[in-house]
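Structure, as structure tokens:
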Amino acid sequence: MNKQDKALALLERGIRALQAMTYDEARQHFEEALQLDDSLAAAYSNLGLIAMGEAQPDKARNYFEQALKKDPRDFSTCNNLAALEQSLNRLAEAEQYYLKAIQLNPASSESYYNLGLLYSKQDKLNPAKAMFEKVTQIDPDNLEAFYMLGNVYALLQDYYAAVANFQYLVFHKPEIQEARVALAEMYRRQGKYPLAIQELRGAIRDNPDDPDLIQHLGLVFMETANGEMALGAFERVVQLDPERPEAFEILAILYDVAGFAEAALEACAEALRLAPDNERTREVYEELKQKLADKPVSDAVTSPEVAVENEPVAVQEEESHDD
């Protein structure tokens, strides 16, 4: 075996060690390979990845730059160097390396996706949209790209396009909760409340004890003036997460609207206990306290318990009044 073959064999061992996350062993193999053949760009690039993982950015940059000197057409190293610059918030430099990687290998979706993330971080929505659209064309199985594209369209207030992307994602992976919530939110913004409720209920069926989902559904019920369903939803939320002050405050308001003054004051007191510095909550509490004090005894309404144990209206299968 000649020197070059030995260097390549060491490079392969280093790659296997890197994949096995035995980084010291990988580093040793790459360094030994370079001692035999210092033209191996992949060895420099992989040493850069190790240094990057060890939070040594200057060392990583030096290795990546050495790799590009040995092989200026190595698009993977361009991607790695771009990711390094992006992690250091050197966004202009990162953009240039991503663009170079795309120029070297326009068929790879990775650079387009990473550049889309970079543009999104800078609120450059139209360039971000173009990048994510390119990813979905090259790799229709990249569901993360559809999710990001839907988010970009939502920020651009193109809700129909956002819905199309989230629908594609939900159709292929209905278990992805974030996509169903995002789709429900797009329906809500379009005023398609029955569809929003349907998506949220579907997500709740798969995750019946998720207070975030139930709270989201409760807010939709509030927006559609369906107080009874909203009340059931927020009772369930505080039952699942009794450390959520905003849910107790909303529950207090719902109880007040329903005429349950004592329950409203009790719920608001709990919200204030959890968030004692919240001035808005304190104001609501004082208003409810005064209202209860001014209420004639004969008008008192028997109030329900906060966080009741019965099955919440919000997660039942019946359609709401607005469906």
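No lab work stands behind these numbers, since they all come straight from the coordinates. Note that the coordinates shown come from a computational prediction; the quantities given were computed from them, not determined experimentally. In this analysis, Cβ positions are derived from the backbone assuming ideal geometry, glycine residues included, and neighbour counts consider all displayed protein chains.
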Problem - Partner aspartates and glutamates for K3 [C-alpha distance under 16 Å; skip if fewer than 8 residues away on the same chain] - result: E12, E31, E32, D37, D38
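Answer rounded, prolate or oblate for the stretch 16-58, using the Cα gyration tensor with square roots of eigenvalues a ≥ b ≥ c: rounded when a/c is under 1.5, else prolate when a/b is larger than b/c, else oblate.
Numbers: a/c = 2.14, a/b = 1.28, b/c = 1.67.
Taking the square roots of the gyration eigenvalues as a ≥ b ≥ c, the stretch 16-58 is oblate.
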Problem - Label selected from [x] 1.42; [y] 1.29; [z] 1.10, the criterion being Cα Rg over 2.2 N^0.38 Å as computed here - result: [x]
Exercise for the section: Multiply the residue gap between Q56 and E175 by 0.36 nm, knock off their C-alpha separation, and tell me the result in nm, one decimal place. Expected result: 39.0 nm
Exercise for the section: With a cut-off of 17 Å, note down the residues of the stretch 33-53 whose backbone N falls inside the zone around a label point 7 Å from the Cα of E65 toward its beta carbon. Expected result: 44-49, 51-52
Exercise for the section: Could you tell me what % of all Cα pairs in the stretch 1-106 have separations over 24 Å? Expected result: 22 percent
Exercise for the section: Calculate one ³J(HN,Hα) per residue across the stretch 5-22 by plugging θ = phi - 60° into the Karplus curve 6.51 cos²θ - 1.76 cosθ + 1.60, and present them in order as whole Hz with x for glycine and proline. Expected result: 5, 5, 5, 5, 5, 5, 4, 5, 4, x, 5, 5, 5, 5, 5, 7, 6, 9
Exercise for the section: Arrange E199, E12 by Cβ neighbour counts within 10 Å, fewest through most, would you? Expected result: E12, E199
Problem - Anchor K129: lysines whose Cα lies under 21 Å away (excluding residues fewer than 8 positions away in-chain) - result: K100, K121
Practice task
Averaging sequence separations of C-alpha pairs under 8 Å and six or more residues apart, then dividing by the length of the chain, give the relative contact order as a whole percent.
Solution key: 8 percent
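Can you tell me the convex hull volume per residue for the stretch 98-150, based on C-alpha atoms, in Å³ to the nearest whole number?
Numbers: hull volume 3.2 nm³, N = 53.
Per-residue hull volume (Cα only) is 61 Å³.
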Practice task
Can you put D24, D38 in order of Cβ neighbours within 10 angstrom, beginning with the fewest?
Solution key: D24, D38
Practice task
Mind sorting M186, M222 by how few other Cβ atoms lie within 10 Å of their own Cβ, fewest first?
Solution key: M222, M186
Practice task
Starting from the Cα of K192, step 7 Å along the direction of its Cβ; do the same at R282; then give the gap between the two resulting points in nm.
Solution key: 4.5 nm
